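Remarks on the structure that follows.
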Amino acid sequence: MDENYSLAVPFYDLWHEDGHVPLIRELLPPLLKGVERSVIEIGAGTGLITRLIARETPAEIYAVEPALGMRSVLVNRLAEDPELLRRVTVLPCGALDVEVDEPVEAIVMISVLQSFPAGQRAELWRVLARQLEPGGRLVFNWRERAVPVPGDLEVMGSYEVGRHTYEIAGQVLEVGGESVTSRFVYRIRQRGVAVSEDEAVVTNHWPAGERLVSELEAAGFSRDAAPEGMEVWRLS
């Protein structure tokens, strides 16, 4: 998995700024209202959402990111801002291994849930519940998805960077239950000719809404109000 993340790093900000990040910048701030002391961010990536959390709250932030390539960009981003460097602790581990010194007020998890198969999600909810104070909030993005269909490789994003074009293409290879296996190709082109090309095969997991509700309630969470596309759950 770390290798797949490493291949995506040069394309990561380009693709996500063209994808879910602008909407998260609109939807997330009201959901963090009143958070002042501490936040865990699961899957901080290169720090796009970390920076948003820091702007919207005065809280100390624990940024959890297992991939070395992503962490490298994240730490470099923090180094540009002395205040972020003081407030953000980068944890080089996965979500299932998170341990902080005292329970936090909120956990934020943006575009990360799909990384966990059904067999791991129960443990994920237990670990996150252990890190939250009573009444603390778990915030993540989620929506019902149509069942994808395997198909041909298609360009998903194309971005001009100087004289180069950074191109991301993808295709669904296999669908089984809530699991979807996809192939991604990362190309850099100059005058239409590929000067770099790498590919990764990734399996994501998209639980049905009813399954997600059942899992979270079993883990001691209660659903709170949230705008479409977002979920907020409080630890009972």
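Some values worked out for this structure:
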item: Residues VAL201 and VAL161, FRET efficiency given R0 of 22 Å [Cβ-Cβ distance, rounded to 0.05]; result: 0.30
item: Å² per residue, accessible surface of the chain at 1.4 Å; result: 50
item: Between 0 and 90°, nearest 10: helix 209-218 axis offset from the chain longest Cα axis; result: 40
item: Share of carbon and sulfur in the accessible heavy-atom surface of region 132-236 [1.4 Å probe, %]; result: 48
item: Two-decimal log10 I(q)/I(0) for region 22-82, as the Debye equation yields it once each C-alpha is a single scatterer, q = 0.16, 0.17, 0.29 Å⁻¹; result: -0.49, -0.56, -1.29
item: Dipole of region 1-138, positive direction: furthest Cα of PRO10, THR50, VAL127, with charges on the beta-carbon; result: VAL127
item: Amide H contacts under 5 Å for GLU178, placed H, 5+ residues apart; result: none
item: For the chain, diffusion coefficient by Stokes-Einstein and Kirkwood Rh (Cα), 20 °C, 1.002 mPa s, µm²/s; result: 114
item: Hz values of 3J(HN,Hα) by residue in region 153-167 - Karplus curve (6.51, -1.76, 1.60), Gly and Pro given as x; result: 5, 10, 5, 9, x, 9, 9, 7, 10, x, 8, 9, 10, 9, 10
item: Cα gyration tensor shape for region 1-117, rounded if a/c is under 1.5, else prolate or oblate; result: rounded
item: Two-decimal ratio, region 106-168, of alpha-carbon radius of gyration to 2.2 N^0.38 Å; result: 1.69
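The values are calculated or read from the model by the stated rules, or taken from the named source; none is laboratory data. Just so we're clear, the structure is a prediction, and the values are computed from it rather than from any experiment. Positions of Cβ are generated from backbone atoms using ideal geometry, with glycine treated the same way; all protein chains shown enter the neighbour counts. The area values use the complete protein model at the heavy-atom level, side chains included, leaving out ligands, DNA and RNA. Shrake-Rupley method; radii C 1.70, N 1.55, O 1.52, S 1.80 Å.
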